[in-house]
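Novice: The following block contains the structure, expressed as structure tokens.
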Amino acid sequence: MLEPCSSASEPGAIVENFADATDSDTQALRQILPRHADNGVYLPPSQYEAWFVGLAHSEDVIQQTLDAAKRASRLPINRDDDFS
């Protein structure tokens, strides 16, 4: 199951407000977004946006998203990248 928000600074933390979002691990988010895109899942590019599942999403699409999240999370976050 996906966490309520994967960009929180603490694993499993729930982002409930602006202060929580600004505390997000943006370095990890910048590395995770392309990993999902490489698997055909295009996520919101900011810690201030949410993931939404709608009625148009089939079980197959939801499973594809879950599988991409598992693959993306298996790779380590490189803390040496400065992304400047």
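The values are calculated or read from the model by the stated rules, or taken from the named source; none is laboratory data. As the structure is a computational prediction, the values presented were derived from the model and not from experiment. Glycine gets a Cβ as well: all are built from the backbone with ideal geometry, and neighbour counts include every protein chain shown.
Novice: Given the structure, is His36 at pLDDT 80 or above and crowded, with 16+ Cβ neighbours inside 10 Å? Spell out the reasoning first.
Specialist: On the way: at pLDDT 80 or above: yes; crowded, with 16+ Cβ neighbours inside 10 Å: yes.
For His36, the condition - at pLDDT 80 or above and crowded, with 16+ Cβ neighbours inside 10 Å - is met.
Novice: Pairs, please: C-beta under 9 Å, at least 6 apart or cross-chain, first residue among the aromatic types (Phe, Trp, Tyr) and in region 8-22, second modelled with pLDDT of 70 or more?
Specialist: Correct list of pairs: Phe18/Tyr48.
Novice: Tally time: how many residues in region 39-80 are in contact (Cβ under 8 Å) with a residue 40 or more places away in the chain, more than 20 Å from Thr22 (Cα to Cα) and loosely packed, with under 11 Cβ neighbours inside 10 Å?
Specialist: So the count comes out to 2.
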